[in-house]
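Written below as structure tokens is the structure these notes are about.
None of the figures in this text is laboratory data; all of them are computed from the coordinates on show. This one's a predicted model, so the numbers in the text were calculated from it and none came from an experiment. Glycine also receives a Cβ, built like all others from the backbone with ideal geometry; neighbour counts cover every protein chain displayed.
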Amino acid sequence: MLIWRFFSSVKLTITLLLGMAVVAIPATVIKPDMGRYELFYQTPWFRSLLVLLALNLLVCTIRTIARNLRDRQRFADQLARLPQSAIRLDNPSLDNLQDVLNSLGFRGDQTGNRIWGQRGRIGRWGSTLVHCSLLAIMFGAILGETGFVGTLNTYLHDENHSYFDWDTQTDKPLGFGLRVDRFDLIYYPIVLRFDLVDPAEGQKIGTFTQVEGDIIDLAAGRMRLLVKNFDPEEKVLTLGVFRQGDFLGDYLISTEGESFGALGNPGFQVNNIQYRDPLLKQMEADVVILENQLIVKRGTIRVNEPLTWRGVSIYQTAYGQDESGIRTTGFQLSKDPGEMIVWIASVLLILGLGAAFIIPYRALGIRRYEDSFYLLPLHGFRGEAGLEKLTKIVQTLDAGGEKHAPEI
């Protein structure tokens, strides 16, 4: 019994919470090895504090559930004793008193010369729901320890079956194959500046400052150029050439030369291309998941838009080039079996807090003693506000429900 009281003590809860808050200060301020602040909170001694808090919360939860289940018997015992706090009523009809209580929102039953009613029962269980939700969040966090976080860097079209685990600093099997078939960098519209020259006469047609998607009219509108795309890595500008509304082809200009397909010369020449530093907007990769050499899933991964397979979430995180200039792309992989439990418990936690603070739980009883009926406030009528509400209820009961029901 002494141990039970110890773990159900509110003082223990406050001590543990304050203790964890105090020791978290240096863990936040002092930079750890490898810059991984979370390692402090994974130490055995800090987790022992969490275990104590979980035990404390579990015992308190059991006590609140037992308390809620014993409400009926406890309130019945209070009615049997009829303490001095009971209020004498002027209404002599037990059936009428029951009807008035029902009209005030109190639900209960009548046994002999006694009535027991309650209102806002959901609010009574709100704190219990909060306790259960916190325990579920802790359980979800424990399940999360069975998952992993790792990285994978790959070339296009390579099939990968392992990843690098951050905790163990080793390669581990992924459990399926992952292959990247396409990878693109998407930039915000790039501002370009270039000269157009008439190659026949050697004269400059003009200098243009445009962004991707702009249209340039030439030859009194008989020719149009669409600024399609500029690849800042390859330094390739692509212009769509139209003559009198007909598409002639794409004109590609790069550091290695120019190309206009079979037509050869588009009728102008682009020189002196300048551009502002591009701003990366998005990275995206088309990937396939393979099992037993068979494709079981396809998808496009973007930043903040992961692909999930067998509980493993695959995030686009990096890109680069090797020493030979061949492009590589990187992914972060994470598996958290307790994630869904934590999300559901978090929603229930908010609902429990709302029920506990927004829906007040009140209970009262009425019993006959000698030739009069007495009202006994059982729960939820503390303080001046509670006394005021109780006074209005007494007035309504004495009037037999003829008065307007009070806001309770």
* Treat each spin label as a single point 7 Å out from the Cα along the C-beta direction, and report the VAL288 to SER162 distance in nm. => 2.4
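Roughly how many debye, to the nearest 20, is the charge dipole of the range 189-275 about its Cα centre, given +1 on each Lys and Arg Cβ, -1 on each Asp and Glu Cβ, and no other charges?
Roughly 260 debye, rounded to the nearest 20.
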* Could you give the longest part of the chain that holds none of the GluC sites (Glu not before Pro) found in DSSP loops with at most 13 neighbouring Cβ atoms within 10 Å? -> 1-144
* Asked: Given the Cα-Cα distance of THR255 and VAL22 and 0.36 nm per residue of separation, how much length would full extension add, in nm?
  -> 77.8 nm
* Asked: Where a ≥ b ≥ c are the square roots of the eigenvalues of the C-alpha gyration tensor, would you call the range 307-353 rounded, which needs a/c under 1.5, or, failing that, prolate if a/b is larger than b/c, or oblate?
  -> prolate
* To do: Just the ratio, please: alpha-carbon radius of gyration of the range 58-146 over 2.2 N^0.38 Å, N its number of residues.
  => 1.57
* To do: Express the relative contact order of the range 1-69 as a whole percentage, based on alpha carbon pairs under 8 Å and six or more residues apart in sequence.
  => 52
* To do: Once you have a ≥ b ≥ c as the square roots of the Cα gyration tensor eigenvalues for the range 189-275, tell me rounded if a/c is under 1.5, and otherwise prolate or oblate according to whether a/b is larger than b/c.
  => rounded
* Go ahead and run the numbers for FRET between ILE14 and ARG88, Cβ-Cβ distance against an R0 of 56 Å, rounding to 0.05. => 0.85
* Folded to 0 to 90 degrees: helix 44-69 orientation relative to the chain principal axis, Cα -> 40
* What ranking of ILE314, ILE350 emerges when the number of other C-beta atoms within 10 Å of each C-beta is taken as an exposure proxy, fewest first? -> ILE350, ILE314
* Structure fact -> Amide H proximity to GLY338 below 5 Å, modelled H, separation 5+ or other chain, gives GLY144
* Kindly state, to the nearest 0.05, the FRET efficiency for LEU49 paired with PHE176, given R0 = 25 Å and r defined as their beta-carbon distance. => 0.05
* Taking every eigenvalue of the Cα gyration tensor of the chain, multiplying by 5 and rooting it, what semi-axes result, largest first, whole Å? -> 74, 32, 19
* Pull out the extension gain between LYS228 and ASN102, defined as 0.36 nm times the separation in residues minus the alpha carbon to alpha carbon distance; nm, one decimal. => 38.0 nm
* **Cα-based shape type of the range 1-69, given that a ≥ b ≥ c are square roots of the gyration tensor eigenvalues and the cut on a/c is 1.5** => prolate
* **Residue-wise HN-Hα coupling along the range 311-327, computed from phi with Karplus coefficients 6.51, -1.76, 1.60 (Hz; x: Gly, Pro)** => x, 9, 8, 10, 10, 7, 10, 8, 8, x, 9, 7, 5, 8, x, 7, 6
* To do: Provide PHE331, PHE242, PHE106 in ascending order of the number of other Cβ atoms located within 10 Å of each residue's Cβ, fewest first.
  => PHE242, PHE106, PHE331
* Round to the nearest 10 and give me the degree value, 0 to 90, for the angle of helix 339-358's Cα axis relative to the longest principal axis of the chain. => 40
* Gained length - ILE3 relative to TRP343, 0.36 nm times residue gap less alpha-carbon distance -> 119.1 nm
* So if we plug the beta-carbon distance of THR207 and ARG243 into 1/(1 + (r/R0)^6) with R0 = 22 Å, what FRET efficiency do we get, rounded to 0.05? -> 0.50
* Structure fact -> Farthest towards the positive end of the dipole of the range 66-178, among ILE122, GLN73, ILE87 and with Cβ unit charges of +1 on Lys and Arg and -1 on Asp and Glu, lies the Cα of ILE87
* Of VAL191, HIS161, ALA24, which is farthest on the positive side of the dipole of the chain, counting Cα position, with +1 on Lys and Arg Cβ, -1 on Asp and Glu Cβ, and the Cα centre as origin? -> ALA24
* Cα axis of helix 10-29 to longest principal axis of the chain: angle in degrees, 0 to 90, nearest 10? -> 20
* In whole percent, what relative contact order does the chain give with Cα contacts below 8 Å and a gap of six or more residues? -> 22
* Asked: How do VAL394, VAL296, VAL130 rank when sorted from fewest to most other Cβ atoms within 10 Å of their own Cβ?
  -> VAL296, VAL394, VAL130
